[in-house]
Amino acid sequence: MDSTVSEIAPDVYRISTFNPDFGIQFNQFIIKDDEPFLMHTGLRKMFPATLAAVASVIEPAKLRWIGFSHFESDECGALNEWLKVAPQAQALCSTVGAIVMVNDFADRPPRALADGEVLNIGARRLRFLFTPHVPHGWDAGLFFEEVNGLLLCSDLFFQPGNPEPLAGDEVLALAQDAIVQNLDGPLAKDMPYTPYTDDTLRRIAALRPRTLAVMHGSSFQGDGAVAIERLARFIKSTIGDRR
Ligand SMILES: [Fe+2]
Ligand SMILES: [Fe+2]
């Protein structure tokens, strides 16, 4: 499997590996700064491909922070492999994620972030948002890079296939199609519609992101607030009102 590397915002690199077994891309994002940050480790079994692609952007041993949204193999399955090649690296996750999973799973202790906590990594600031069950998982969180207006939104805006690195409003249309396709598929019910779902989506829309770094599919460039509000309405009508 070959990975492609694209700069989707200043010093923000998207690493994309299409996995034909799944028919989807697994994307990671590197923010190059004094303390380099990697979002998503990639699957453990894809680590050699991910490592080679990261090495084309930064020296892997210099990696400082490893962020992810929730405890799943594509988010953090290769965490211990990364901790081995990067001696200064530390995982970042929610307090729930640390207590319930990562403290035990990771070979070195993670740093648990509180909701709203800001991490300065040099010229960039990363704000952590605790977003339980959005996109899914009790432990879920998202990161917002405030200088670029970049939301690292994990599985939100999932699109199948092997699309281009960066796109506009078509991302929303493809993501909506994917939600409908998934309703009766083997991975249905991935996003529970909870009493907090709509408020959480409105809260991240209010950040007014200009770029959405999407884990599976094209990243989005444009009015992120409008795109997330539309997605929120669509999720409410297709999942929330289906109960
Ligand atoms: Fe996920
Ligand atoms: Fe994912």
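Assorted remarks:
- Qualifying residue in region 98-110 (condition: in contact (Cβ under 8 Å) with a residue 40 or more places away in the chain and of a type outside the set (Phe, Trp, Tyr)): no
- Test: residue in region 40-52 that is within 22 Å of residue 209 (Cβ to Cβ) and outside any helix (DSSP H, G or I): yes
- Options 59, 35: the member that is surrounded by fewer than 24 Cβ atoms within 10 Å (Cβ to Cβ) and in contact with a Phe, Trp or Tyr (Cβ under 7 Å, 6 or more places away or on another chain): 35
- Scan region 66-93 for residues that are away from ligand 2 (no atom under 16 Å from the Cβ) and either under 21 Å from residue 115 (Cα atoms) or acidic (Asp, Glu) (or both) and the total you get is 4.
- Positions within region 73-109 being open to solvent by 70 Å² or more (accessible area, probe 1.4 Å) and not in a helix (DSSP H, G or I), in sequence order: 87, 88, 107, 108, 109
- When each of 9, 91 is tested for being away from ligand 1 (no atom under 15 Å from the Cβ), of a type outside the set (Lys, Arg) and either modelled with pLDDT under 95 or over 30 Å from residue 187 (Cα atoms) (or both), the lone residue that passes is 9.
- All positions within region 110-141 that are open to solvent by less than 20 Å² (accessible area, probe 1.4 Å) and of a type in the set (Gly, Ala, Ser): 140, 141
- Those residues of region 9-23 which are assigned to a loop (DSSP other than H, G, I, E, B) and either open to solvent by less than 10 Å² (accessible area, probe 1.4 Å) or under 20 Å from residue 211 (Cβ atoms) (or both), in sequence order: 10, 11
- For region 62-72, a residue qualifies if it is open to solvent by less than 10 Å² (accessible area, probe 1.4 Å) and not in a strand (DSSP E or B), and the qualifying residues are 63, 68, 69, 70.
- Answer residue from region 118-141, given it is of a type in the set (Val, Ile, Thr) and away from ligand 1 (no atom under 16 Å from the Cβ) and is nearest to residue 29 (Cα to Cα) among those: 121
- Residue count, region 189-205 (criterion: touching a helix residue (DSSP H, G or I) at 6+ places or on another chain (Cβ under 8 Å), more than 16 Å from ligand 1 (Cβ to nearest atom) and acidic (Asp, Glu)): 1
- Residue in region 173-180 that is open to solvent by less than 10 Å² (accessible area, probe 1.4 Å) and under 22 Å from residue 116 (Cα atoms) present: no
- Residue in region 142-165 that is within 15 Å of ligand 1 (Cβ to nearest atom), more than 29 Å from residue 113 (Cα to Cα) and surrounded by fewer than 24 Cβ atoms within 10 Å (Cβ to Cβ) present: yes
- Residue 214 being open to solvent by less than 70 Å² (accessible area, probe 1.4 Å) and either more than 17 Å from the chain's Cα centre (by Cα) or within 21 Å of residue 130 (Cα to Cα) (or both): yes
- Residue selected from region 230-243 under the condition assigned to a helix (DSSP H, G or I) and over 13 Å from residue 176 (Cβ atoms), by the criterion least open to solvent (accessible area, probe 1.4 Å): 240
The values are calculated or read from the model by the stated rules, or taken from the named source; none is laboratory data. Please read all numbers here as calculations on a predicted model, not as lab measurements. For neighbour counting, all protein chains shown are included, and Cβ atoms are generated from backbone atoms with ideal geometry for every residue, glycine included. Surface areas here come from the heavy atoms of the whole protein model, side chains and all, with no ligands, DNA or RNA. Shrake-Rupley method; radii C 1.70, N 1.55, O 1.52, S 1.80 Å.
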